[in-house]
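Structure, as structure tokens:
The values are calculated or read from the model by the stated rules, or taken from the named source; none is laboratory data. Remember, it's a predicted structure, so these values are computed and weren't measured experimentally. When we count neighbours, we look across all protein chains shown, and the Cβ atoms used for this are built from the backbone with ideal geometry, even at glycine.
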Amino acid sequence: MEQVQWKVEGMDCNTCALNIHKYLEKQGLKNVKVNYATGDVIFDAKKDFAEEKIATGITDLGYKVMNITAVNNLKSEILTRKPFLTTHLQRFWFCFPFTALLMLHIIPGIHHSKNFSWLMNHWVQLGLTIPVYLVGMSFFGKSALKSIRNGMPNMNVLIALGATAAFVYSLYGSLTGQAEKYMFFETAATIITLVFLGNYLEDASISSTQRELNKLAKSQKVMANMIAFDNEHKEQIFPVENTMLRVGDLILIKNGEQVPIDCKILWGDVHVSEAIITGESAPVHKKAKDKLIGGSMITDGTVKAQVTAVGKDTVLSGIINMVKQAQGEKPPVQQLADRISAVFIPVVIVIAVVTLVVSWIILKDFTPALMRSIAVLVIACPCAMGLATPAAIAVGLGRAARTGILFRNATSLETFKNIRQVVFDKTGTLTTGRFEVYGFRFMVSEESDFRKIAYSLEKYSNHPIAKCVSETWKTTEEIRWKKIEEIKGLGMKAEDTEGNTFMAGSFKAAEKLTKDDSHNVYITRNNELIGWIDVKDQIRPEAKLVIDYLHSKNIKTILLSGDRLAKCNELAAVLGMDTVIAEQTPEQKLAKIDELNKEAPTAMVGDGINDAPALAKATIGVSMNEASQIAVQSAQVILMNHGLKNLPTALGLGKHTYITIKQNLFWAFAYNIVAIPVAALGFLTPTFGALVMGLSDVVLAFNSVRLFVKKVV
């Protein structure tokens, strides 16, 4: 199975997204995610799936798949300038002059003006309405017919029915010589024109919620200085677009330039602002062998670097893709709105018919009864219900990405509101993870032999303490092992070519050989202790503030570590943590997280390979960006640039995004509950209903956009 991501045009509301979602699932595709706000459609499919057939099926539903490459030589569609009348704004401006002329009669005294008397002629009004009606039906009517044909009626059915009813009713009056009684051409025209305006305003509002993601996307395509060599092996610099670069290419990045793509420094050192990626404004110092993230900015210095990743493999592409996928997720709070949207349109049509019949019986006049029925069709728009969640989530995820927080799915945003306890790993999470050797003792003949043994063992581990030892005592005279393995919770175990067994690990690896548990790394040979190493680590400066914040929100803090109890108690005392659980293997950590989950919703924050199972088991797993890859993949939330300080922001964004979703859904339901009866009772004209319908979506988008500036911590 492979993940496929398409861009689909023509989705106007959540009903459209539901229709595409149902269709793709019927075709046997898995993990379908459809986000009508962004047009992204993501699903899992076999490599040889019928791409062209699926794309045609989506087209038959009334939508358009952009930029796909099908199996049967279906070439990638090249986006050229769109023809006229393909956007809501263009359609609105085309319809507006005709509709404005039709609406002139509402100006006091216009009926009696000789200059405008011709506008009151019903044949003139028919002539002005026909262009608007044709443009409207080319969009609303076409979409409505396709959706009905596929058994999945969308919002455009309501608009097409309302406009057609007013147009046909007026046309009947003109053809039968009763124009004075049946002249509602302006109603048909204003419904179409104002809904086009509303759709444009909705699109504009939604695009504003995407602005942080768009900033990241724009940073993907820049110029780069590629280093090449001529026939005489002299260095030449060629400006190329970064999309042309390949892994292994050499590039020159100067002071003030944007890093064009992920790369590794070969020469030089620089200060880099990674704010667009990590949310950290302070420049970071980078030197040879350090990695640079595409999209970051060189604030001082010049380097030569080698490209390490291109295309979808870059950090920036990964971030954008992760946020897009998360935006397509539906958190639990959206499920009710989805169920209502699925049956909403047939229910509205029934209400409109009942309104027509009952009003006709009571009023004994078909004309006002029809106007009420049309008003019900036009005012009852399910878009607000569909927009309520995607708009809030788009803003929440956008602000999170800007701050240096990545949510793997939208459910995590909502789940954060329930978290009652946070479990922290110790090394690399509450501490910096940057160790230095400050003491050691050896029981072999030469110090160099002890260092060589320690280096040769620890170089194969990704544990922060092991990295410290291997980097400090690096040597070219390392031992070549016959076999070597890492035993989780203990350390590194190896066998040399002569059959000797060595181990470098925690006190547990040497507890039968010594009673002294005060050291960090114990080295053994053939089950005999030959020395130990002491390292020191620093507490993260932001750790105390984070723990204090959690306590202020009545969230319990727990230290869960494989380190010794004495060191864990010492750290917990400094930070003021509630509970300490020390000397735990990965299996024990997993079991402990399971216990804690049963007590209350639990978040786990960690960064090592040994944390991965616990991160996956927790209600929400939170990983540091520079953690082991398996830890990052196991977590639902990733804090960029070791950003422990962003944990309160992540919790706050989760809470306030959920509040915004609830506010949006309340408005959406309240709007329809109030608007439909008001229209049915004749207090709302179809024209005013069309305007209010469009503005209702703008209200939700505006409420969602407030999340960009709202205080969440």
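Among the residues in segment 174-181, are any at pLDDT 85 or above and under 16 Å from residue 127 (Cβ atoms)? Steps first, answer last, please.
To start, the set of residues in segment 174-181 that are at pLDDT 85 or above comprises 174-175.
Adding the requirement that they be under 16 Å from residue 127 (Cβ atoms) leaves 174-175.
Yes, the conditions are met somewhere in segment 174-181.
Residue by residue, here is whether (1) without any contact (Cβ under 8 Å) to a residue 40 or more places away in the chain; (2) surrounded by 15 or more Cβ atoms within 10 Å (Cβ to Cβ); (3) on the phi < 0 side of the Ramachandran plot holds:
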{"site": "563", "(1), (2), (3)": "no, yes, yes"}
{"site": "569", "(1), (2), (3)": "yes, no, yes"}
{"site": "574", "(1), (2), (3)": "yes, no, yes"}
{"site": "583", "(1), (2), (3)": "no, yes, no"}
{"site": "586", "(1), (2), (3)": "no, yes, yes"}
{"site": "597", "(1), (2), (3)": "yes, yes, yes"}
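Any residue in segment 15-23 that is outside any helix (DSSP H, G or I) and under 20 Å from residue 321 (Cα atoms)? So that I can check it myself, show each step before the final result.
Within segment 15-23, the first condition is being outside any helix (DSSP H, G or I), and the residues that meet it are none.
No, because not a single residue in segment 15-23 is outside any helix (DSSP H, G or I) and under 20 Å from residue 321 (Cα atoms).
Using beta carbons and a limit of 6 Å, which pairs, at least six apart or on different chains, have the first residue in segment 253-275 and free of Cβ contacts under 8 Å to residues at least 24 places away in the same chain and the second one surrounded by fewer than 19 Cβ atoms within 10 Å (Cβ to Cβ) and part of a loop (DSSP other than H, G, I, E, B)?
So the pair list comes out as 275/281.
Just wondering, is there one or more residues in segment 53-63 that are surrounded by 14 or more Cβ atoms within 10 Å (Cβ to Cβ), more than 22 Å from the chain's Cα centre (by Cα), modelled with pLDDT under 80 and under 29 Å from residue 409 (Cβ atoms)?
Yes: one or more hits.
Give, as residue ranges, the strands (runs of 3 or more DSSP E) completely inside segment 598-713 that count at least 2 residues that are at pLDDT below 80 and of a type in the set (A, V, I, L, M).
Working: elements: 602-606, 620-624, 637-639.
Ranges flagged: none.
Name the one entry in 119, 126, 102, 89 that is within 49 Å of the chain's Cα centre (by Cα) and modelled with pLDDT under 85.
Details: 119 fails: within 49 Å of the chain's Cα centre (by Cα); 126 fails: modelled with pLDDT under 85; 89 fails: modelled with pLDDT under 85.
Only one candidate passes the filter, namely 102.
Out of all the residues in segment 236-247, is one or more among the basic types (Lys, Arg), in contact with a strand residue (DSSP E or B) (Cβ under 8 Å, 6 or more places away or on another chain) and either part of a strand (DSSP E or B) or at pLDDT below 75 (or both)?
Pass one, segment 236-247, residues among the basic types (Lys, Arg): 246.
Then keep just the ones that are in contact with a strand residue (DSSP E or B) (Cβ under 8 Å, 6 or more places away or on another chain); that gives 246.
Narrowing further to those that are either part of a strand (DSSP E or B) or at pLDDT below 75 (or both): none.
Checked segment 236-247: no residue is among the basic types (Lys, Arg), in contact with a strand residue (DSSP E or B) (Cβ under 8 Å, 6 or more places away or on another chain) and either part of a strand (DSSP E or B) or at pLDDT below 75 (or both).
Give the residue that is surrounded by the most Cβ atoms within 10 Å (Cβ to Cβ), with candidates limited to residues of segment 456-487 that are of a type in the set (Ser, Thr, Tyr) and in a loop (DSSP other than H, G, I, E, B).
Of segment 456-487, the ones of a type in the set (Ser, Thr, Tyr) are 456, 460-461, 470, 472, 475-476.
When the remaining residues are screened for being in a loop (DSSP other than H, G, I, E, B), the result is 460-461, 475-476.
On the way: 460: 15, 461: 19, 475: 14, 476: 5.
Only one residue fits best here, namely 461.
Matching residues to (1) modelled with pLDDT of 90 or more; (2) basic (Lys, Arg); (3) within 15 Å of residue 314 (Cα to Cα):
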site: 251; (1), (2), (3): yes, no, no
site: 255; (1), (2), (3): no, no, no
site: 263; (1), (2), (3): yes, no, yes
site: 266; (1), (2), (3): yes, no, no
site: 276; (1), (2), (3): no, no, yes
site: 284; (1), (2), (3): no, no, no
site: 289; (1), (2), (3): no, yes, no
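How many of the residues making up segment 651-677 are polar (S, T, N, Q), surrounded by 17 or more Cβ atoms within 10 Å (Cβ to Cβ) and under 16 Å from residue 704 (Cβ atoms)?
So the first thing to find is which residues in segment 651-677 are polar (S, T, N, Q), and the list is 657, 660, 663-664, 672.
With the extra rule that they be surrounded by 17 or more Cβ atoms within 10 Å (Cβ to Cβ), the set shrinks to 657, 660, 664, 672.
Then keep just the ones that are under 16 Å from residue 704 (Cβ atoms); that gives 657, 660, 664.
Counting residues in segment 651-677 that are polar (S, T, N, Q), surrounded by 17 or more Cβ atoms within 10 Å (Cβ to Cβ) and under 16 Å from residue 704 (Cβ atoms) gives 3.
Select from segment 579-606 the residues that are of a type in the set (D, E, K, R), under 27 Å from residue 407 (Cα atoms) and in contact with a Lys or Arg (Cβ under 7 Å, 6 or more places away or on another chain) and list them in ascending order.
Residues of segment 579-606 that are of a type in the set (D, E, K, R), as a first pass: 583, 587, 589, 592, 594-595, 598-599.
Still in the running and under 27 Å from residue 407 (Cα atoms): 587, 589, 592, 594-595, 598-599.
Selection gives 594 alone.
If I filter segment 397-420 for residues that are over 17 Å from residue 647 (Cα atoms), surrounded by 24 or more Cβ atoms within 10 Å (Cβ to Cβ) and outside the structural domain of residue 598 (by TED's automatic domain parsing), do I get at least one hit?
No: segment 397-420 contains no residue that is over 17 Å from residue 647 (Cα atoms), surrounded by 24 or more Cβ atoms within 10 Å (Cβ to Cβ) and outside the structural domain of residue 598 (by TED's automatic domain parsing).
Can you tell me which residue in segment 403-455 is nearest to residue 580 (Cα to Cα), limited to those that are without any contact (Cβ under 8 Å) to a residue 40 or more places away in the chain and assigned to a helix (DSSP H, G or I)? Lay out the reasoning, then the answer.
To start, the set of residues in segment 403-455 that are without any contact (Cβ under 8 Å) to a residue 40 or more places away in the chain comprises 445-449, 451-452, 455.
This time we only want the ones that are assigned to a helix (DSSP H, G or I), so: 447-449, 451-452, 455.
Working: 447: 37, 448: 38, 449: 38, 451: 33, 452: 35, 455: 32 Å.
If we take residues in segment 403-455 being without any contact (Cβ under 8 Å) to a residue 40 or more places away in the chain and assigned to a helix (DSSP H, G or I), then 455 is nearest to residue 580 (Cα to Cα).
Does any residue of segment 520-541 turn out to be surrounded by 14 or more Cβ atoms within 10 Å (Cβ to Cβ), within 40 Å of the chain's Cα centre (by Cα), touching a residue at least 12 places away in the same chain (Cβ under 8 Å) and not in a strand (DSSP E or B)?
Yes, there is a match, as at least one residue in segment 520-541 is surrounded by 14 or more Cβ atoms within 10 Å (Cβ to Cβ), within 40 Å of the chain's Cα centre (by Cα), touching a residue at least 12 places away in the same chain (Cβ under 8 Å) and not in a strand (DSSP E or B).
Could you say which residue among 466, 509, 504 is modelled with pLDDT of 90 or more and on the phi < 0 side of the Ramachandran plot?
Numbers: 466 fails: modelled with pLDDT of 90 or more; 509 fails: modelled with pLDDT of 90 or more.
The match here is 504.
In segment 294-342, what residues are at pLDDT below 80, surrounded by fewer than 20 Cβ atoms within 10 Å (Cβ to Cβ), acidic (Asp, Glu) and closer than 22 Å to residue 404 by Cβ?
Passing the criteria: only 313.
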